1. Describe numerically, in nm with one decimal, the distance between label points set 7 Å from Cα along Cα→Cβ at residue 200 and at residue 44.
2. Is the C-alpha gyration tensor of the chain telling us rounded, prolate or oblate? Criteria: a/c under 1.5 is rounded; beyond that, a/b larger than b/c is prolate, otherwise oblate.
3. Quick one: if the Förster radius is 60 Å, what FRET efficiency do residue 425 and residue 276 give, using the C-beta to C-beta distance and rounding to 0.05?
4. Which of rounded, prolate, oblate describes region 165-234, given a ≥ b ≥ c as roots of the alpha-carbon gyration tensor eigenvalues and a/c under 1.5 marking rounded, otherwise prolate only if a/b is larger than b/c?
5. Give the angle, between 0 and 90 degrees and rounded to the nearest 10, that separates the Cα long axis of helix 77-89 from the longest principal axis of the Cα atoms of the chain.
6. For the Cα atoms of the chain, what angle does the longest principal axis make with the long axis of helix 175-189, in degrees from 0 to 90, nearest 10?
7. What shape does region 105-243 have by the C-alpha gyration tensor, where a ≥ b ≥ c are the square roots of the eigenvalues, rounded means a/c under 1.5, and otherwise prolate means a/b greater than b/c and oblate the rest?
8. Using alpha carbons only, how many degrees (0 to 90, rounded to 10) separate the axis of helix 330-341 from the longest principal axis of the chain?
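Every number in this text was worked out from the coordinates using simple rules, so none of it is lab data. Source: prediction; values computed, not measured. Every residue, glycine as well, gets a Cβ built from its backbone with ideal geometry; the counts of neighbours run over all protein chains shown.
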Ligand code: OOG
Ligand code: NI
């Protein structure tokens, strides 16, 4: 029996491909974005043969333009707890806690993603998953009504729940079950044009916060965007209008640099879509704005020290200028961002020696002597005995996520909430602790160094 199980990485790949097909079908503009990304990636690879060779060596060339993440928003603790089990079937685990209340969005979030290098290499697909915080909505009557609507919905099919249980019981799924599981799971992430509430209730939810309406008014947590990887995010941002799609005002995250750090993201603005609201007798037509397409470009993961520097420089930039949703100060914002970030070291050597980024160490092949084994990593790199390659950031950035949320919730002024991170509440809902992201990178770095040293030890002895 067990030898027929196909492994979580394979299930995840079936899932991410099926989601892509479904979403292109649901949101045609997303298909246009994918085409543009492919075009820009091809042109970038043609212009940079060394980068092409590097990606080929990593085995990444074939799926360069495939989706790297998507996002959903859930309504209840029970939904989040079951979603954790659903993602575990695909080898995706909750990493990081993101409090978005600071940015005027009444949710807190995690990202379900693969953990191990090998799994990330096989398919890095992640899902940024937010849980609505009704506790941040002031109107108590509305809060109760919303909670009652959410309590009455079931976002998972019976077939999906049965296959999650089977996977948990036998430690995996075989090919046929995996295909059935993906088909059942898609039902949860599909768009439902029929709302779960009346138009009147939708409007009240919407007035409390657009996001509340997006979560409460529908039958399920429709996937609200997918995100392929681009090799040149500035080019895609520039070219979107030529393809008839409207980009958000600015690229989120750090500016363009010689050594990319963390994560840069941009999206096209969410589309207005027809919705049928519940009415006595007949349906009442209306509209809702939620779904969009995004692109991402990832760089090096930063240590807590590097992350603190990033946070400080971003805050410094935004204290002077914050991007306006209409794009009118976009160029001035990007110029200021570059100016302020000029103090962030931008070469691998300095980033490593100052402890700002995480690195993966490996022997260069240059023979080491017995005395070398006692030297620290920096000395071994300086001596040409070890090489240090940056570790890619696999997670998200709260300020960027808030920017993505805001630009896709309509461009009204951001609502203010008191910042009330509540990780305990989130973890109680999840039914598990979220994994510490810095710890993952630190462990990966330490493990690579231990392996590299062991290898040097063997060559010295030999
Ligand atoms: C999630 C927004 C966050 C990202 O890439 O930072 C996100 C949402 O809009 O639900 O996906
Ligand atoms: Ni996203």
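1. Output for this residue pair reads 5.1 nm.
2. Taking the square roots of the gyration eigenvalues as a ≥ b ≥ c, the chain is prolate.
3. Rounded to the nearest 0.05, the efficiency is 0.95.
4. On the way: a/c = 3.15, a/b = 1.49, b/c = 2.12.
Oblate, because a/c is 1.5 or more while a/b does not exceed b/c.
5. 40
6. 60
7. Verdict is oblate for region 105-243.
8. Long axis of 330-341 versus the principal axis of the chain: about 40 degrees.
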